[in-house]
Structure formats: C-alpha cells, structure tokens
Amino acid sequence: MKKLSIVFAAALLAGTAFGAAARAEELTVVSWGGAYSKSQHEAFVVPYIAAGNKVTEAEYNGEVAKIQAMVDAKAVTWDVVDVDTPTALQGCAQGALETIDWAKLGLDKSKFIGSDIAECAVPNIVYGTVYGYDTTKYKDNPPTTINDFFDTAKYPGKRGLWKNPQVNMEWALIVDGVDAKDVYKVLGTKEGLDRAFKRLDTIKKDIVWWEAGAQAPKLLADGNVVMTSAWNGRLYNAVKQDNKPFKIVWDHQALDWDWWAIPKGGPKLDEAYKFISFAQDAQRMADQTKYISYGPSNTDSVPKIAADMLPNLPTAPDNLKTAWKLDAAFWADRGDEIKERFNAWLAQ
Amino acid sequence: MAVIDAAASDTVMRAADGTPLKKKLRQAERREQLRALMLIAPLFLFIVVTFLFPIGSMLERAFYDSDVADNLPRTKALLANWDGKEVPGEDVFAAFAADMKAASKVKTVALIGKRLNYEIPAFKSKVVATGRKIDKVEQGPWKEAIIGIDPIWGEVGTWAVVKRSARSFTPFYLLGVLDLRQAADGSIERMPADRAIYVQILGRTFGISFLVTLCTLILGYPVAYLLATIPQRHASILMIFVLLPFWTSLLVRTTAWTILLQDGGVFSQVIHLTGITWLLNVLGLVDGEPQLFKTRFATVLAMTHIQLPFTLLPIYSVMKTISPTYMRAAKSLGGKPFYSFLRVYMPQTMSGVAAGCLLTFILSLGYYITPALVGGGTDSMIAGFIDTAMNSEANWGKASALGFMLLASTLVLYYVYNRLIGIDRMKLG
C-alpha cells in the first residue's frame, strides 16, 4: 500500500509538471518569482540559453515541504532550486538535497562568503529583510525604527508581513526590548515564544499577510498597507523601475543568504551542476546587481559592481549598523514546530 | 423421431441444440449483463484509478506513519517487550545506537526527529544532535553514552513516546485534528490552548457553509419562482444572467470580488455614497469606514455569489414541473394567494430546495480559494488548513487526518439528511 501510494503521489507530481518527460532535455530552475527571478533570468538564464542550453523557469514561495514531497515520491522535477538558509539546512538534514561537491562545480569554495554554513547548497546572494513605507503617507514624521512598525498609535494603518514566523518573531522580541544578539536565546524558550506572540498580538488586526515576495511591494503600491516588510531588492526595484514613492527602513534588517540547491535524486544532476557553476561566475553575479539590489556572495564579484549600486546593497556599511543575522540553524531545528503554532495563532 | 422421443422422455424444456432452455436463457442474460458492464467499465475504472485509489491511499496516511518504525527497526522490536515502568536497559540502547548510526548514513535522522517532535517540543534538534554524536562513539556501554549526550534519553516519558510512535498505525494524527493527544501514560488528554484550533475550525467551516446555504436559498428561491412562472421567452433571457456567472471560472469571480471589495474600492465607495456607511456609523456598528476586504462578510458574500446557481437551478427545474393548475385549484377553493402558495406550492418545491441546499452546503465545506483571497486569517476553512499542512508544514499525516474529518462529517451529514428527508425525495429536475 505504501509503495502504491508513493507511485500515486509520483504520478500526481509528475502530472503537475505538465509531463516532465516531454521536455526531458530542459533544466528546470525554480526560484522566488517576481523581481528576484527576473534578475536571475537576465543575469544567468539568458546567457545560459545563449550558450546552447534549454531552461524552464518556475516559481515557488520557499516551501521546503514541496521539495521534500518530490524527493519522497521519487519524482523530482525541479533540478535547481533557490532556497533560503533554513531551507538549505533543513533540506540537507532531511535528505532532500544533494551534498554539494565543490570540485565538481569547479569553484573555489573559500571565495564564497557563507559557503561553510550549509553542506548541501551554494551561496549566491545576501539579502536583507527590511520594511518599507509609502512616503506619500508620512511626510513630516516618517518611521525610522523597527519599533515604529509595531506602533499603530503613532503610525496608524495596515502593515504587511510575511506569512511565516521567520523574522517576524525576532522583530517582535526586539521591539519588546530583547537585545538583537540575545533574540534566539529568548525565542528558544516557551516564555520567549509567548512573549513574541503577545507582541505580535498588539498589531495582529492591522496585519495583511503576504506569501509570495512580489506581493509585498504590490500591497504597498495598491494602498492596501502603509508599510510592509519585504526583501530589500523587491522594494528597491519598485522604486527604481516602477517609480514608486517607497522608502526602505534599514533599522534591524535581518541578513540571510540565498542558495542554489539540488533536490536529491533528480535526473539531471550533471546539468544542474553545470548551471550553478555557470551562474556563480564572478562577472555574472556582479551583473545581477544591475537588476536587483542583493549582495553577491562571490568575493571576486565585489570590485565589478557599479559604484552607484553599492549603497543599496544590504551589506553597505550604513545599512549594517543595527543589522542582525538570521539564525538558520535555529529555524532549521525549530521551524516546523514554531510554524505550526504560528499557523494556529493566525487562525485564532 | 429419436430427438423428439428424447425430448419427450424428460420434462426439461430444451433449445434447438438440445441444451436446457433455462441454462440457455441464463447464458444469454449473462452475456447481456457483461455487455452492460463493459459499457460502464470505462467510467468504473476511471473512478477507481483517479478517485477511489488516490483518496484511499491519502486517507491511509491519517492512520499510518512508518517513519519511526522504518528507521528504528531494532529499537522497535526490543521496545515491544518493554513494560514502560523504568528506563529501558542496555540492550535497547545498543539497538537504538545501531539504528541511529544506520539512519545517519542515509540522512533520515531528521525524519525520526520530526515525528517525535510532534509529541515532545524542541525534540528534533536533540534527536539530530544525538544522531550526529552517537555516530562518533565506537562502542558501548551505550546507555551511559546516550544519556551522556542528552539526559532526555534517561527519562521514561521519552521512551514511551518512542515506543508509541514506532507503531506504524497511530491514532496521533486523528486525535490531533480533534484537539486531543495521548499523554505519556497513553491516556487521552486535551491539546494545550495555543495548539487546539481544529474543532473550532470545523465549527467555523460548518457555520460559514450554513450561512452561505441560507443566503443562497433566500436569494435564489424567489428568482427561481420568477424564472419558472414568466413566459419562456423572457425566462430564457433572464436565465442567461444566472448561467453566465455559473460558467465563469471560480477564480475569476473571486478575483473580481477582491477588486470590488478592497479598501477604497468600488463597493466601499458605493456604500459611502448611498449613505449606508453613515447609517452604520449612526447605529454604532462601525467606526469610520467599514472594513470589507479580508473579513468574514466578504467571504460569505463572495461564496454566496458563487454558490447561488447551485441552489437556484435544482429549485427552478423542480418548479418547472409543477403544474399551474394546482394553484388555480387552490384559489378557486377559496385560498388567499399567500396561503395557497405556502400550503400548495411550496411543499411541492421542497425536493428541489433540499437538493439545492445539500449541493451548496457540501460544496461550501470544501471551499479553499475564496476564503484565502477575500477572507482574513480567521476566515480560513478546513481546506485551507489542509493546504497549510501539506505545503508549509510538510505534515501529510495531519493533512490527511483533516481530509478524513471533512469526508467523515460530510458522510454523517448525508446520513442524517437521508434519515430526516430521504435521499429518494431529492430531485434535481
């Protein structure tokens, strides 16, 4: 019965990929959609296709469950996936991701910042989770700190937040008076968790939850919210390319990496390696910053970045003043459990 | 002559070739049946392959979870004889160490941890850490070594959970969706308040479905009556207004509602200009502009719009079959219009009302997209939580248990309906 049910799950998954066999020669690259996927498309996929390869691009919202389901069902249709650090660690521990062979990639591991954090992934960019506001709504006294985001009396209006406990819980504790460097110690306890939820409770009725990264700037643009958390590149693009009147608040931004990972048991392992190796090229990673304001993890790329782009990166010194690093190991360990409680909290 | 004699010699009726007529008839009937079966075979096979089997195998996950059993086979075998009174002995720990080493090799320690973590909070990282550390220990005594890695392995409760979750058939998921769990000693207790949500959500799902059914009935019944009684020419034109939305995709209609209902959108402007906002403020029901988008109101409104034809059409088709002579007879016998309608016409439409309402109610129970798009966090119905369990929590057991609960409550409802009204009285036209 178990076997058969796996076969069925496999059939279902294969079906959702519109018959993977029909385009067996194509590499499926999955990322987070919106402006970020677009930057990867311009910087990596277009030249890769020009070099005579075939690529299909797809989107997801960072659900490790989807990767796990494919691997369990032995029907892997995603060849390369862009993951955040908790997913890279959790996926690795659960056997959902291939262990990366750097020799096979032909890259120097020491050149990539963060490459020793995860065994099963290759770091591509550093991004910041920040919040942005609509400048037309606050002319005289704009919000400047993370506390202002939680202050609905001083700054009334709806706020957008990612429908995921990550970063939200940490921010809630920081606003509640916990020092950024102690956040995970506090969050690891039952009392700390309660405290974070209690703080989130104070703005719960004013929160509009977004799921896909592209929704955040859209909520702000449509006037559904007056401020929203977002990944910094999304807000930058809305300002730069769509001329939206948004401003980023860098206070207590959460720094994290994005990674290329390969779901385990996929049929195109060699091609996946080839693509990642291609995309991690120093010049191409520097080129990506033309399309989105994320910091390349390749140290060789840094001198190649246009000077006017540097202050917009999450790693610019001005933006780093109060920044804190997302503890991926914490989220890889406790994420499932906190996510479950978070979902229960949302429904109450 | 001989043949006739033989036939005459026994009393059995025979066909021309000498076989008994009864047998021949049975053969012919069987052939007919077989032919009939062949006609329905494609549909039957289709249902088995695409419906019964996948649903069955998904539902199986509500009871069956072999993650721990598959990865801790030696421990499981030894724990079967453990009485649960004291921490198990060296043999169990040795088996556990061997299982964990094997699991480390194939990277399934996290799967064991994940399952155990459902019952012991923050346990996953301890299991993973134990797996990592025990891999480096070459030889026993194992009990000492493992308790040395983490004292939690020296507790009886931990091993009770391991023993319980090593059983492949588990009540864990079904209890979970009823907001119950097994305590360390195996007795059933309530889930702590911060995790007990599913009974409330089942109630909410039924509540919203009931409200939507009621709204569609109140709105649909008069329209159906109008359509059934006006001349056919006009009825066909009006019917288009019912059918066009019916033919439009659910997603399109829901998205349309999100645009109409959003803050400062068409809907809120209309109620502002017509003075409804002012009236609501005077009555003290709202303060300032009413919130429409991402509310229960929006959910019920959009769902009512989508479900309206499902309630209306069965009522309409039953009304079409009611001869106008009954009403005329009622009137000629002295019945006032309202009284005749209530006592003569309405009872005849009840089979259609029952069919339409049951259809809408059961379809509403499974709504997912509409509450997610126009409703708020507290309007998600059970289908939304199945999605969360599948796609965000990777907890297929819970998803399946929630699906089971939805299916079971629908079947109970159907049974009650059948006892009260009788399914044979339901008419779709």
Name the one entry in B:119, B:189, B:138 that is in a loop (DSSP other than H, G, I, E, B), within 29 Å of the chain's Cα centre (by Cα) and either surrounded by fewer than 15 Cβ atoms within 10 Å (Cβ to Cβ) or within 14 Å of another protein chain (Cβ to nearest Cβ) (or both). B:119
Please find, within the stretch A:78-120, the residue that is nearest to the other protein chains (Cβ to nearest Cβ) out of those that are of a type in the set (Val, Ile, Thr), surrounded by fewer than 22 Cβ atoms within 10 Å (Cβ to Cβ) and touching a Ser or Thr at 6+ places or on another chain (Cβ under 8 Å). A:117
Subset tally (residues that are within 11 Å of chain B (Cβ to nearest Cβ), of a type in the set (D, E, K, R) and within 15 Å of residue A:30 (Cα to Cα)) for the stretch A:50-77: 2
Give the residues of the stretch A:233-283 that are buried (at least 19 other Cβ atoms within 10 Å of the Cβ) and either in contact with a His (Cβ under 6 Å, 6 or more places away or on another chain) or on the phi > 0 side of the Ramachandran plot (or both), sorted by residue number. A:252
Those helices (runs of 4 or more DSSP H) completely within the stretch B:18-102 that have 1 or more residues that are at pLDDT below 90, over 36 Å from the mean Cα position of the chain (by Cα) and in the same structural domain as residue B:145 (by TED's automatic domain parsing) are B:73-79
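From B:140, B:131, which residue is of a type in the set (Gly, Ala, Ser), free of Cβ contacts under 8 Å to residues at least 40 places away in the same chain and out of contact with any strand residue (DSSP E or B) (no Cβ under 6 Å at 6 or more places or on another chain)?
Being of a type in the set (Gly, Ala, Ser), free of Cβ contacts under 8 Å to residues at least 40 places away in the same chain and out of contact with any strand residue (DSSP E or B) (no Cβ under 6 Å at 6 or more places or on another chain) holds for just one of B:140, B:131, which is B:131.
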Got a number for residues in the stretch B:103-116 being more than 9 Å from every other protein chain (Cβ to nearest Cβ) and under 24 Å from residue B:64 (Cβ atoms)? 4
Which residues, taken from the stretch B:365-376, are free of Cβ contacts under 8 Å to residues at least 60 places away in the same chain and over 14 Å from the mean Cα position of the chain (by Cα)? B:372
Residues being of a type outside the set (Gly, Ala, Ser), in contact with a Gly (Cβ under 9 Å, 6 or more places away or on another chain) and closer than 17 Å to residue B:113 by Cα - total across the stretch A:72-93: 3
What tally of residues in the stretch A:209-241 results from selecting those that are within 19 Å of residue A:135 (Cα to Cα), of a type outside the set (D, E, K, R) and within 14 Å of chain B (Cβ to nearest Cβ)? 8
Counting only residues that are surrounded by fewer than 17 Cβ atoms within 10 Å (Cβ to Cβ) and of a type in the set (A, V, I, L, M), which one in the stretch B:278-321 is nearest to residue B:376 (Cα to Cα)? B:286
List the number of the failed condition for residue B:411; all other conditions in (1) of a type in the set (A, V, I, L, M, F, W, C); (2) within 14 Å of another protein chain (Cβ to nearest Cβ); (3) surrounded by fewer than 20 Cβ atoms within 10 Å (Cβ to Cβ) hold. (2)
Working carefully through the options B:205, B:216, B:254, find the one that is surrounded by 14 or more Cβ atoms within 10 Å (Cβ to Cβ), within 24 Å of the chain's Cα centre (by Cα) and within 14 Å of chain A (Cβ to nearest Cβ). B:205
Subset of the stretch A:166-194 [within 12 Å of chain B (Cβ to nearest Cβ) and basic (Lys, Arg)]: A:190
I'd like to check something: does the stretch A:267-288 contain any residue that is closer than 19 Å to residue A:160 by Cβ, touching a residue at least 12 places away in the same chain (Cβ under 8 Å) and part of a loop (DSSP other than H, G, I, E, B)? no
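So that you can scan it fast, the table gives a plain yes or no per residue for (1) exposed (fewer than 15 other Cβ atoms within 10 Å of the Cβ); (2) of a type in the set (Val, Ile, Thr); (3) in contact (Cβ under 8 Å) with a residue 12 or more places away in the chain:
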site	(1), (2), (3)
A:172	no, no, yes
A:185	yes, no, no
A:188	no, no, yes
A:192	no, no, yes
A:209	no, no, yes
A:212	no, no, yes
A:218	no, no, no
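Filter the helices (runs of 4 or more DSSP H) completely within the stretch A:1-108 down to those with at least 2 residues that are under 15 Å from the mean Cα position of the chain (by Cα) and at pLDDT 90 or above.
Details: elements: A:2-16, A:34-40, A:46-50, A:64-72, A:85-93, A:102-105.
Fully inside the stretch A:1-108 and qualifying: A:34-40, A:85-93.
The values are calculated or read from the model by the stated rules, or taken from the named source; none is laboratory data. Treat the numbers as computed from the prediction; the structure is a model and nothing was measured. Don't worry about glycine lacking a Cβ; one is built from the backbone with ideal geometry, like all the others, and counts go over all protein chains shown.
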